[in-house]
Amino acid sequence: MSTMAVPPTPAAVPIAGESVEQILGPTARTILETAAREIFDVMLGVRLTRITAEPPLVADVTVMVGFSGSHRGVFAVHCQAHTACRLATIALGAETDEFDERVLDAVGEIANMVAGSFKSKIPALGESSFLSVPSVISGADYHLHSSAGGEHLELSLNCEGSPLWLTLDLRK
């Protein structure tokens, strides 16, 4: 297994005198979990449960969806290759244990749906922010660095016995 080390994010720094809480609010982690559970349950028939898993993360696949517009940032899903293959099998309705383009496309679309669901549940994001096309990184020989000055959310979930991590870095 490979390891993706995510260094601790520095404390949020308000931008232009605005509180970071004005962007997401205290319920953002719960809303992110709800968005993920809805997509996984409705679209995939997979039940997610919260777990405790601290960085460094073991992840072979990272899918990033960018936010632009009035708010900027990155939502990401991190998982192991076998989890990505399992999710692709469920999403595509065809067995796949080969880590290929179909798997990368499927996990990219799943991440995009979760990001879109989350965005629709946060009034401050609504129509004033836009999502990018998902970018998928396979392999774990990299470090992800987030910009300071915004809010960082991290959520660890159990997906059919495998860890799945959701992260969000967002700022005005």
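To keep it simple, each residue is scored yes or no on (1) under 14 Å from Thr167 (Cα atoms); (2) at pLDDT below 90; (3) touching a helix residue (DSSP H, G or I) at 6+ places or on another chain (Cβ under 6 Å); (4) surrounded by 12 or more Cβ atoms within 10 Å (Cβ to Cβ).
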site	(1), (2), (3), (4)
Ala16	no, yes, no, no
Gly25	no, yes, no, yes
Ala36	yes, no, yes, yes
Ile39	no, no, yes, yes
Thr62	yes, no, no, yes
Ala76	yes, no, no, yes
His82	no, no, no, yes
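Please pick out the residue among Leu125, Leu155, Leu164 that is surrounded by 15 or more Cβ atoms within 10 Å (Cβ to Cβ), out of contact with any Asp or Glu (no Cβ under 8 Å at 6 or more places or on another chain) and closer than 28 Å to Arg102 by Cα. So the residue among Leu125, Leu155, Leu164 that is surrounded by 15 or more Cβ atoms within 10 Å (Cβ to Cβ), out of contact with any Asp or Glu (no Cβ under 8 Å at 6 or more places or on another chain) and closer than 28 Å to Arg102 by Cα is Leu164. Within the range 132-151, work out how many residues are among the small types (Gly, Ala, Ser) and either within 27 Å of Phe99 (Cα to Cα) or modelled with pLDDT of 90 or more (or both). The number of residues fulfilling the criteria is 5.
The values are calculated or read from the model by the stated rules, or taken from the named source; none is laboratory data. These numbers come from a predicted model, not from an experiment. Neighbour counts are summed over all protein chains in view; Cβ atoms, including those assigned to glycine, are modelled from backbone coordinates with ideal geometry.
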